[in-house]
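See below for the structure under consideration.
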C-alpha cells in the first residue's frame, strides 16, 4: 500500500489536474476487489441505496434513489449510477482512506469517502466543480474527462453544477459571472483501466464514457482554516457559562437592544483573549499530535 499512497501524494502535490498509469502491482489490490469485477457483481454485493442520475442534467444534484434490483434497468436506459460510502463494505478501502488522509496531511476533521461511479456508454456528468479533493481510479471501460481552472470561484466551500443557481454563500464571494459552457482552456484526460486521475478542489470538470465504465473515487472534504478556527473557538467558549446561555431576545423588537448589549459584552471579552491565541493552540484543539 505504501507505494500507492506515495503516488497519490505526488499527484496531490502537483497542485493541478494530473493523470498517471501506475505499475499494476501498486493498484492491483484495488482493481481486484471482488465487488468491482463487474457492474453485476457490484449490484449483487451492494446493501445500500444507489443514486441514479436523471438524464436531463446528468448530475448527482438531479438524481433519484433506487435499490440494486432496479438500478440495472435504469443503467440500461442511460442513467449513471453512484454508489456512495463504498468504504463501508470494504476494510481495504477503509485502510486506504485513512492512510491517504494522513499522508496528505489532512485534518482528522476531514470527511473521507469512497464513491463508485457506473457510467453507461456515451453518458457522463454535466460540467461542475467540487469543494472536495478527488482521486479517480478507472476500473473498467474508458472515460474522457474535460477539466478547466476556475477563474471565478477560488477555494469554493460548496459544490456547483454549471447552469444551476449558486448557493447564497457562494454568491457572496464570486469573483465573476459563472460560465455557461466549459471554458476554452479545458484539457482532456482519457482514463482507461488502471489510470489514476487527480481532480483538485474547485476545478471545472465533465465526463463522458466510451463503452460502459466503472470508476472508484477516493474523495476528501477537508476542513478549511475557517472550520479549524471556529471548531477550536467553540471548544474554548464552551468552557465559559455565559457563552453557553440561551441567546434569547434576538428576534424580539423590545428586547433586541438588551440582547445586543449582552452580546457586545461577550464579544469584548473574546477580543481581549484572541490576541493571545496561536496556531498551535488551535491545532492542538482540532488535530493534536499523538
- Per the helix-only model, the chain has a calculated mean residue ellipticity at 222 nm (DSSP H runs of ≥4, -39500 (n - 2.57) each, divided over all residues, rounded to the nearest 500) of -10000 deg cm²/dmol
- Message: Given an 8 Å cut-off on Cα distances and at least 6 residues of separation, report the relative contact order of the chain as a percent.
- Response: 22 percent
- Message: Need the full-extension length gain, residue 180 to residue 238, defined as separation in residues times 0.36 nm minus the C-alpha distance. One decimal, nm.
- Response: 16.4 nm
- Note on the structure: Quick calc: nm separation of the 7 Å Cα→Cβ label points for residue 111 and residue 92 -> 2.7 nm
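In what order do 162, 147 fall by count of nearby beta-carbon atoms within 10 Å, going from fewest to most?
So the ranking, lowest neighbour count to highest, is 162, 147.
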- Message: Run the numbers for residue 277 and residue 261: contour at 0.36 nm per residue of separation, minus the present Cα-Cα distance, in nm.
- Response: 3.3 nm
- Take the alpha carbon gyration tensor of the range 83-193, find the square roots of its eigenvalues, order them as a ≥ b ≥ c, and report rounded if a/c is under 1.5; if not, report prolate when a/b exceeds b/c, else oblate. oblate
- Distance between modelled label sites at residue 290 and residue 201, nm, 7 Å Cα→Cβ extension: 2.4 nm
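All of the numbers you see were taken from the coordinates with simple rules; none came from a lab. Just so we're clear, the structure is a prediction, and the values are computed from it rather than from any experiment. Quick reminder, even Gly has a Cβ in these numbers, built from the backbone with ideal geometry, and neighbours come from all protein chains shown.
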